[in-house]
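K.L.:
Right, I'll just put the structure down here and ask away after.
The values are calculated or read from the model by the stated rules, or taken from the named source; none is laboratory data. Because the structure is predicted, anything quoted here is derived from the model rather than measured. Every residue, glycine among them, receives a Cβ derived from its backbone with ideal geometry; neighbour counts consider all protein chains shown.
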């Protein structure tokens, strides 16, 4: 049985952005991120902190579970903005068959 996640525990605010493409008059393609859902109540929980292997200078991005209401149409190509972090969605799971809670697994985009 999956754990239900009470909506009243959604204490953080995130934005969900979607990438869109457009073609200009000279045929060039430009891509921009725009807010698909702004000010979404969520619970953001770290799965793993950012880590660095000092021997090879390999930095691993921090990973998070982001719990949101299940009535949003989220895609794995979307991204989550949380505080000053940008998170790339790597998986989406419907935690209840009633579409009440969605768990997004995401990792921080390192610039």
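K.L.:
Quickly run through segment 89-110 and pick out the residues that are loosely packed, with under 15 Cβ neighbours inside 10 Å and under 15 Å from residue 60 (Cβ atoms).
P.N.:
90, 109, 110
K.L.:
Can you list the strands (runs of 3 or more DSSP E) lying wholly within segment 1-73 that have 1 or more residues being surrounded by 10 or more Cβ atoms within 10 Å (Cβ to Cβ) and modelled with pLDDT under 90?
P.N.:
Numbers: elements: 12-23, 29-48, 51-53, 58-60, 63-69.
It comes to 29-48, 51-53, 58-60, 63-69.
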